[in-house]
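The values are calculated or read from the model by the stated rules, or taken from the named source; none is laboratory data. Computed from a predicted model, the values in this text were never measured in an experiment. We place every Cβ from the backbone using ideal geometry, glycine too, and count neighbours over all the protein chains shown. Each accessible area value is taken on the protein alone, full model and side chains, heavy atoms only, with ligands, DNA and RNA left out. Shrake-Rupley method; radii C 1.70, N 1.55, O 1.52, S 1.80 Å.
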Amino acid sequence: MPRGPMLTRRLFVATTAAAGAWIAAQRRAQSQVVGKLTRMIVGFAPGGSSDVTARLLVDQMRGYASTIIIDNRPGAGGRIAVEAVKAGAPDGSVMLLSPASMIVLYPHLYKPLGYDPVEDFVAVTTVCAFPFVLSVGPLVPREVRTLADFIQWCKANPKLASYGTSGAGSMLHFAGMMLARAANFDFTHVPYKGASPALQDLLGGQVASTVGVLGIALPHIQAGNLRALAMTGATRSSFLPDVPTLTEAGYPGLEIAEWQGLFVPAKTPPAIIQALNRSVRDALDTAEVKSGLVKLSFEAGGTSPEEFAQLVRSDLARWEPIVKASGFTPEN
């Protein structure tokens, strides 16, 4: 009898058995989590975009755990939440939903930092991604319609050339700093304690511009109260397709986008990580989560743990020289 078909059958049987064992291991791991009170820790107050994203997810993750609560731990720019997850049990009952800044930017800003983003956590999956928008308000004359117009205006009015963000040391802060350096103009950063007060001062004419999350500014842009001059992502946003990227506006290399991702403590068993990854990605594929992310002007994510870990490593490497070149040192 030819050996080929028999080897093929044996390979099929072995592969099927291995796949079955892998699925069974995932189910056993997930069954250990289902009965536990599970927490998704968020480093910001209720009502913010991270909190809203977390609530969208947990409503669709009931198959992973019978009860998942949102545990808001605001403070220290999100570091309190990250450190809480680092100290959590590596059994799938505690997870972190975090923006990229806490993971890939803070290690280059804060010395010492109470956690190592690679050694202390396992990256599970990206959840969503979003670029920032540079918007101008009533302080800037109506005839300023493009980024080039705005930079020219800033050079002619250096005392008024300012941009607000939701905090110093954030990617938003660095986006404005990098643009000013690339275009060679003075651009005063005005940090606020949150996006809402920055937006109110932009609308009130106390600050010339803001670099912020698109979802917050979008209703005011659509109403004509603000003008969007540029997006910071690699491509144009589907929510504002007529607004160019910084690269298209003449500043290649200024591609800055934030993501939110899910992490668990180091030493969490691989089977639990895979079960959690599958649960989140299934949730991201539901109509409820998709529509909720659209309302935030976020693009849905969803990657394997390996892909997400590689993204974390590459973003860590990218931000290190940027932070060093800026000379910026946070106050705490």
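The table for this structure:
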quantity: Cβ-Cβ under 6 Å pairs, at least 6 apart or on other chains, the stretch 41-58 side over 13 Å from Gly77 (Cα atoms) and open to solvent by 10 Å² or more (accessible area, probe 1.4 Å), far side part of a helix (DSSP H, G or I) and not β-branched (Val, Ile, Thr); calculated: Leu56/Gly292
quantity: Residue that is nearest to Ser196 (Cα to Cα), among those in the stretch 19-44 that are in contact with a helix residue (DSSP H, G or I) (Cβ under 7 Å, 6 or more places away or on another chain) and modelled with pLDDT of 80 or more; calculated: Phe44
quantity: Complete set of residues in the stretch 109-123 that are charged (D, E, K, R) and either without any contact (Cβ under 8 Å) to a residue 24 or more places away in the chain or closer than 13 Å to Met40 by Cα (or both); calculated: Lys111, Asp116
quantity: Residues within the stretch 215-248 that are in contact (Cβ under 8 Å) with a residue 24 or more places away in the chain and farther than 29 Å from Val127 by Cα, tallied; calculated: 1
quantity: Residue within the stretch 205-221 that is aliphatic (A, V, I, L, M), open to solvent by 40 Å² or more (accessible area, probe 1.4 Å), modelled with pLDDT of 95 or more and farther than 19 Å from Pro244 by Cβ present; calculated: no
quantity: Condition broken by Pro112, with the remaining ones in (1) modelled with pLDDT under 95; (2) touching a helix residue (DSSP H, G or I) at 6+ places or on another chain (Cβ under 8 Å) satisfied; calculated: (2)
quantity: Test: residue in the stretch 194-214 that is of a type outside the set (Ser, Thr, Tyr), free of Cβ contacts under 8 Å to residues at least 24 places away in the same chain and closer than 22 Å to Tyr106 by Cα; calculated: no
quantity: Among (1) among the small types (Gly, Ala, Ser); (2) open to solvent by less than 20 Å² (accessible area, probe 1.4 Å); (3) within 19 Å of Ala168 (Cβ to Cβ); (4) part of a loop (DSSP other than H, G, I, E, B) - the single one Gly88 does not satisfy; calculated: (3)
quantity: Residues (modelled with pLDDT of 95 or more, of a type in the set (Val, Ile, Thr) and more than 23 Å from Pro321 (Cβ to Cβ)) located in the stretch 223-263; calculated: Val243
quantity: Which numbered condition Thr286 misses (of (1) closer than 25 Å to Ile216 by Cβ; (2) of a type in the set (Val, Ile, Thr); (3) open to solvent by 60 Å² or more (accessible area, probe 1.4 Å)); calculated: (3)
quantity: Breaking point among (1) under 23 Å from Phe298 (Cα atoms); (2) under 22 Å from the mean Cα position of the chain (by Cα), for Ala223; calculated: (2)
quantity: Filter result for Lys290 (assigned to a helix (DSSP H, G or I) and over 18 Å from the mean Cα position of the chain (by Cα)); calculated: no
quantity: Cβ-Cβ under 6 Å pairs, at least 6 apart or on other chains, the stretch 86-108 side more than 19 Å from Ile70 (Cα to Cα), far side of a type in the set (Ser, Thr, Tyr); calculated: Ser101/Ser170
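This table checks each residue for (1) open to solvent by 20 Å² or more (accessible area, probe 1.4 Å); (2) in a loop (DSSP other than H, G, I, E, B); (3) aromatic (Phe, Trp, Tyr).
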| site | (1), (2), (3) |
| --- | --- |
| Leu229 | no, no, no |
| Gly233 | no, yes, no |
| Thr247 | yes, yes, no |
| Tyr251 | yes, yes, yes |
| Gln260 | no, no, no |
| Val264 | no, no, no |
| Ala271 | yes, no, no |
| Gln274 | yes, no, no |
